[in-house]
Structures are given as C-alpha cells and as structure tokens.
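The values are calculated or read from the model by the stated rules, or taken from the named source; none is laboratory data. These numbers were taken from a predicted model, which means no experiment stands behind them. Please note: Cβ atoms are built from the backbone with ideal geometry, for glycine as well, and neighbour counts cover all protein chains shown. The protein model used for the area step is the full one, side chains on, heavy atoms only, and it has no ligands, DNA or RNA in it. Shrake-Rupley method; radii C 1.70, N 1.55, O 1.52, S 1.80 Å.
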Amino acid sequence: MTKTYDLTKGKSSKLIVSFFFPMLLTNMLQQVYSIADTAIVGKGLGDNALAAVGNISSLTFLIIGFSMGLANGFNVLTAQSFGAGDYKQLRRYLGASVRLCVFIAAALTALSVFFLKDVLVLLQTDESIMDDSLSYGLVIFSGLSTALLYNMCSGVLRALGDSKTPLIAIIISTIVNILLDSYFIFILKTGVWGAAAATIMSQVLSSAVCLYKLRKIEFLRLSRSDFSFSLRLDGMLLKNGVPMALMNSITAIGCMTVQYFVNGLGVAYTSAFSACSRFINMFMQPACTAGYTMSAFASQNYGAKKYSRIKDGMCVCIIIASISYFILGSIMVFAPEFLGNILLDGDEPISIAAGYFRLCGAALFTVDFLFVFRSCVQGLGRPLIPMLSGIMEMVMRVGVIMIFIKRAGFMATSFAEIAAWTGALTLNVCAYFYITRKKLGLGSSKLKHRETAKAYS
C-alpha cells in the first residue's frame, strides 16, 4: 500500500516541517511557472500582452478560486475522517466530492466562457489589450476542469498527509510549461493564447501524476456505491465547501474592483499591477503553505480529538510565517526596482511597481499571519468565519480604493491591500482564540492531561 502520513502521532514540529517543505516547493514552483509565463509573455510579446494576461488574473482568481475553495472545503472532511480512522466514510466523502466537482466544473466552464467579454468590458479593459485578454481567457477557462482536477487530487493527498506527490507533479508540469511557453511564443508565434495552452497542458500532466498515486492507495479504491447520491453527504460537503469557495470569490470580486480602477489609469499601470500581483502571490507562498499545513494538521487532529496538538501546530506555523515575512518582506522593501525589472521593460511601469512593493512589503506580515489563522479555523470545521473574513476583505479593499484612488493614484492599491489583510486577520485571530479556548478547552491546562490519560488508557 502506498504510504500515507498520520499527523496525529509524533512530535508536532517534526511532522509539520516534513510536511511543509515539499508543499512549499510545490507552491513556489507553481508561482515560478506563473512568473515564467509572465516573463516570457512580457519579454516575447511586450508590455501590452503582459497587461492583457494580468487583466485576466483577477477574473481567473474568481472562477478558479471558487473551484479551489470547494475542493479544499471538501477535503477538510476527508482529513477529519482519515484522522478518525474511518476509511468507509472517507471513501463516501471522496465519491460524493468527485460527483459534485464534475457538475460544478461543467457549469463554471460554460458560464466563464459565455460571459468573458461582458466582464472584460465591465472591467474597463483598454481596447489595445481586449483581443489578447479574450484570447488568453477563453483558453484558460475552456480548460478549467484540468485545474479543478489537479486541486481536487492534490488536496486529497495533502489531507492524507502526502505533500511529496504534488511536488513531483508540479516539478514535471513546471518544466513542461516553460518549454511549451517558449515553443509556442518564440517559435510558433502563437501570441498569448499559446501561453494559456501551455498552462492547460501542464495541468493535465500534474493531474495525471496525482491520480496515479491515488489509485495505488488501497483504502481509497472506490466502488459504485461510493458514488451513489446522498442528500446528507452532499449537504455536508457543500456546507463546508461553499463558504470557502465564496470566500475566495468574494475576495476575487474585491480584486476585480481594484483592477477596474487600475485599468482606468492606463495600460502602464495595468502592466505594473500585473507584475506586482505576480510577485505578491509568489512571496505569500511560504505563509500560504504554512496555512495549508495547518489546515491538514488541525483537521486530522480535530478528527482524532487531540485538541492540544492543534495549539502546538499553530505555534510552529506562526514561526514559519514570521521567518517568511522577515526575508521576503525585506526584499520587497529594499529591492523593489530589481523585482520590477524582472518582468517589466518600461521605466514608467517599473517606477510605478516599486512604490507598491515598498508599502506592501512592510505590511506583508498581516497576510502571512492571516493564512495561518484562517486555515486553522477552516481545519476546525468552521468555514463560515473565513467566509465572513472574505467579505471583510472585499469591503475594506473596495472601500479604500474608492476613497483614495483620486487622492493617491496607484498607491491606493497598496492601501487597499493592507487594509483588507488587516481586517481579515483580526476576525480570524478572534475566531481562533474563541474556538480553541471556549469550544475546545485549550485555555485549560487540564485538557492535555486528559488527552494523555486517554492515550494510555
């Protein structure tokens, strides 16, 4: 039987570190090939093509982020079942998840392709980049099912404590993606749709690697009965998945609003914002990975009723997020022009991006801590709190950009991000301490003694 990893036994810090680093490399490689996409498009096709690809990013986050939220929400229940040792229930959750995801992928693909041009018009997309935005978006959204398949499969593996297989999958897909990007753009001269096609092809490969590993796990071999319709199971999955999906989509709506105001400033600002977004997403990854780690760790231990270990895991993940902030935040603050030069050609976009990097780099700790606290709350089976924090993010982001865009220009985007991160962090921190102290009793020193006694009884 292919090995899975029980996060409910053993030293918490050792388990978390061994789980964290393969997943960190996975997430960083995903960002590397996103950066590579951007760099190849920017250097090969120019800043306008880069602006077109960046213009689609917030819309991509809206659609793909929704599907990712569903998959992650479903997999919280998978991890809890695994932690409790209930493999029969785990298989039923997995079968229902597959059935729901097939339907959702078809619906999201149809909606996103059909309404793409209308949304781009609403975003004030400049005519000079409209055709490229449409071309790139149609390919990306037509292949939406491949992104959902990968996120579903890799999420199941992480729920079972396996962060190494997704790493292998991403290593393969990253290499293929960069090679195909270069081939399509520099040799075949396809334009931006070639970069999108390369992304879809690489996702097919990464999904295949994860599926191969899942098929080798004996207790995951599904029967026809595991796919049978169950209103109760579907309801439980949707109750956990929909709030997380809405959280991502609500956040994306806020980002799309920011994109709307940025597009109104001109193509140079759209290009700069595209580059800034790519680097922010990349520099968030260590803390984001700590959050995914915390979610799997909290879910398994919550299912096993080993609540005191959740607090230990939180301490380790906060330390990881703090180290990430000091290293990557410093790069953003002290070397912003260097970052801008990697993706941008013109002096004006580079100068615009540098100011953004300095401000957001100084406040990066807020979003780093947000990932950890929010993921832990999700892992404890409280999806409504993260959804509410997504609403808070949107309100803060939209409110700040509307107030300051005329006074501060492009710098208002930095203010909006920082305000959104801070508001969401505050809500999740309060929720974490309330749940762990009032609901799980982690404020009491007696809990650990009770768990220890139970383990030896």
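Heavy atoms of the protein chains alone define the surface here; on that basis the chain has 41 Å² accessible area per residue at 1.4 Å probe size. Against the criterion of solvent-accessible heavy-atom surface with a 1.4 angstrom probe, ILE56, ILE63 sort, most first, into ILE63, ILE56.
The chymotrypsin sites (Phe, Trp or Tyr not before Pro) found in the stretch 173-260 that occupy coil by DSSP, while having at most 12 further C-beta atoms within 10 Å, are PHE229.
Cysteines of the chain lacking any other cysteine Cβ under 4.7 Å from their own Cβ: CYS101, CYS255, CYS276, CYS288, CYS315, CYS317, CYS360, CYS376, CYS430. Taking every protein chain into account, the 1.4 Å probe leaves CYS315 with about 80 Å² of accessible area, to the nearest ten.
In the chain, the DSSP-assigned H stretches of four residues or longer account for a calculated mean residue ellipticity at 222 nm of -28000 deg cm²/dmol, using -39500 (n - 2.57) per stretch and the full residue count as denominator. In this structure, the pairs whose alpha-carbon distance is over 27 Å, taken from LYS11/LYS305; LYS213/LYS439; LYS164/LYS438, are LYS213/LYS439; LYS164/LYS438. Cross-link partners for LYS406 among the aspartates and glutamates, with Cα-Cα distance under 14 Å and sequence neighbours closer than 8 places in the same chain left out, do not exist in this structure. Counting every alpha-carbon pair across the chain, the share separated by more than 28 Å comes to 49%. Only aspartates and glutamates eight or more places from LYS306 in sequence, or on another chain, were considered; those with a Cα closer than 19 Å are ASP6, ASP86, GLU451.
Each residue was assigned an accessible area with a 1.4 Å probe, and for MET28 the value is about 50 Å². Pairs to check: LYS14/LYS239; LYS14/LYS216; LYS88/LYS216. Give those whose C-alpha atoms are more than 23 Å from each other in this structure. The pairs that break the limit, which is 23 Å between Cα atoms, are LYS14/LYS239; LYS14/LYS216.
Taking all protein chains as they are arranged and a probe of 1.4 Å, the heavy atoms of ARG221 leave approximately 150 Å² accessible to solvent. When the solvent-accessible area of the stretch 207-253 is split by element, carbon and sulfur atoms take up 63 percent of it, the probe being 1.4 Å. For the stretch 118-199, rounded, prolate or oblate, judged on the Cα gyration tensor with a ≥ b ≥ c (square roots of eigenvalues), a/c < 1.5 rounded, else prolate if a/b > b/c? In terms of gyration-tensor shape, oblate.
Taking 17 Å as the straight-line reach from the Cα of LYS117, the aspartates and glutamates in range (excluding those fewer than 8 positions away in the same chain) are ASP126, GLU127, ASP131, ASP132.
Using a probe of 1.4 angstrom, how much of the accessible area of the stretch 20-151 is carbon and sulfur, in percent? Heavy-atom surface of the stretch 20-151 belonging to carbon and sulfur, 1.4 Å probe: 67 percent.
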